[in-house]
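To keep things clear, I will list the structure first and then write my remarks on it.
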2 protein chains.
Amino acid sequence: MTAFPATRTMANVICIVSQKGGTGKTTTAVNLAGALALFERRTLLIDCDPLGNATTGLGIEKQTLSADLADVLTGKAPLEEAVVDTELPDLRLLPGRFSLMEVEKALSLSADRQRRLRKRVEAIAEDYEYILLDAPPSLNFLAVSAMICADWLLIPVQCQIYTLEGMGQLLAIAGSLQQEHNPGLSVAGVLFTMCPDAAEGQITCPEEILGTFRKNLFHTTIPWDGQLRESSDFGRPLVLHDITARGARAYLKLAMELVHFFEQEARSFGEPSPNNEESIGAGAP
Amino acid sequence: MTAFPATRTMANVICIVSQKGGTGKTTTAVNLAGALALFERRTLLIDCDPLGNATTGLGIEKQTLSADLADVLTGKAPLEEAVVDTELPDLRLLPGRFSLMEVEKALSLSADRQRRLRKRVEAIAEDYEYILLDAPPSLNFLAVSAMICADWLLIPVQCQIYTLEGMGQLLAIAGSLQQEHNPGLSVAGVLFTMCPDAAEGQITCPEEILGTFRKNLFHTTIPWDGQLRESSDFGRPLVLHDITARGARAYLKLAMELVHFFEQEARSFGEPSPNNEESIGAGAP
């Protein structure tokens, strides 16, 4: 009778990553987190970008924060203290702001500096069902820390560009991180964003590009929707601002696709939800 | 890559039924239909109640309609002409209004009168993924027509009442309809509605009542939320009016539970969605 698996023990940790800017990373982080929380999945969004756009996008005033991700990484504040509430009871935020720029230097003498984020997150992973990391548009210390922290990579690609330029480099780095630091890391999928009308539902990406990644594409694609761009002006995810907007509905679908994947066997009418943690890796692409 | 199974051929037809008034039938019909359409499932809501509250709840002005369900049943209008658009591109409505009171009398000489609705709906079942029927609070001609039309019954029960009074009668009639008219009819589940805070997630319904129906309960329960009661004043489902409201989130969860059930094997990362029509009955409770 419980609405959700009561025995779920560890969050699914998903890093939204791409070294290119303007692919829809922060939009995806904010709206996917909002959609998961609408489904009453306990969700934590971690803003790993010094620009702090995910923080602003959730309506958090950066200057009023007593602590942020930089303080957590440098040991000035415990993670629990830096986490803030949002409009949705199931969505919390670990905010990021410009102070993140100084973290790498501050930790230059720490041998474990790239694993710090993972250690901090592991300590609270039982408190959430989903943890999303919004990585900066780079492959720098912060992006690498986020990838070492994650179980899964979600890679947004701007649909109209019809190129997966840079993808090879990203996957090479992810592969070496997997070997050296994070054996559990997998690619959840490539997400096509900003798709023009014609492409919705049927991407016209050339086969020679698509071929390599066909098995790692999300079914859901995110349409072009001007409101998604403006959503940080609202200070709330578009899924809360206007649930009927095409972009908002697309992120609901994406959240459902993720929930299907991670909780596939956890639900059927009239049967209690089993703890299916162990099967999570089984269907991994 | 397509977002949804392109090969899905027939809608899942779900009748929301209970002979008792005030159990949340119309609220469930309107909000579940809205939530399914938010997930971009092509959904048709059929208002089988002469009071037409589902019609009003979707913001449709009854006096402006050129045709309604009564006209469809009496042969005055084809179903396609009576169906109207709503705010959501994937949600359409076959409106009902007071004229439904006259249908049984008008069809008194037709031997097939109880099967008329089913025949009309079968003709358009390929155009939708979900068809919801909002039955009147009665076991009259219209409710029976809706049950003969449906594949599945969804039975809302007011959680606080802690009694399933009348359930035996409803199931007896459903059973005889199944034997005589509709061999494919099944109970999808009992949905607890208007649950007080304490009951959310853990119904305290006495075991002697719950025992019988434990296997037919939806995991999702609908909390008490005053906004759900007022939602017909908004002229739109609460899931559109305020997606952050507790009642709205509960209907999103219910929609996801249904989608999980009906499309359970249709999705996993990186694989095209198979047509799983044939497996729908397999997991039936």
Hey, got the dipole for region A:12-267? About the Cα centre, +1 on K and R Cβ, -1 on D and E Cβ, debye to the nearest 20? 360
quick shape note, region B:12-267: Cα extents on principal axes in Å, largest first -> 50, 39, 36
Along Cα-to-Cβ, 7 Å out, sits the label point; list in nm, shortest first, how far the one on B:Pro183 is from those in the other copies. 5.5
Residue and distance (whole Å) for the chain A Cβ nearest the axis that superposes A on B: A:Ile243, 2
Treat each spin label as a single point 7 Å out from the Cα along the C-beta direction, and report the A:Ala172 to B:Ser108 distance in nm. 8.5
Starting from the Kirkwood Rh over alpha-carbon pairs, what translational D in µm² s⁻¹ does region B:73-131 have by Stokes-Einstein at 10 °C and 1.306 mPa s? 123
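Taking Cα pairs under 8 Å and at least six residues apart, what relative contact order does region B:1-111 come out at, in percent?
It comes to 27 percent, rounded to a whole number.
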Could you give, in nm with one decimal, how far A:Lys215 is from each other copy of that position, shortest first, with labels 7 Å out from Cα toward Cβ? 4.0
What are the nm distances, shortest first, from A:Gly226 to its equivalents in the other copies, labels at 7 Å along Cα→Cβ? 3.8
Percent relative contact order for region B:12-267, counting Cα pairs under 8 Å at least six residues apart, stands at 26
Report the extension gain between A:Glu165 and A:Arg229 in nm, rounded to one decimal, defined as 0.36 nm multiplied by the number of residues separating them, less their alpha carbon distance. 20.8 nm
Calculate the length of the line joining the C-alpha centroid of region A:109-138 to that of region A:72-91, in whole Å. 12
When every alpha-carbon pair in region A:17-133 is counted, what percent end up more than 21 Å apart? 35
Rounded to the nearest 0.05, FRET efficiency between B:Asp197 and A:Ile124 (Cβ-Cβ, R0 30 Å) equals 0.70
Under 26 Å Cα to Cα from A:Lys76, which lysines show up? Leave out anything in the same chain fewer than 8 places away. A:Lys62, A:Lys105, A:Lys119
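Laboratory data are not the source of any read-out in this text; all were calculated from the coordinates shown. All values reported here derive from a predicted model rather than from experimental measurement. As a convention, Cβ positions derive from the backbone with ideal geometry for all residues, glycine included, and neighbour counts pool all protein chains shown.
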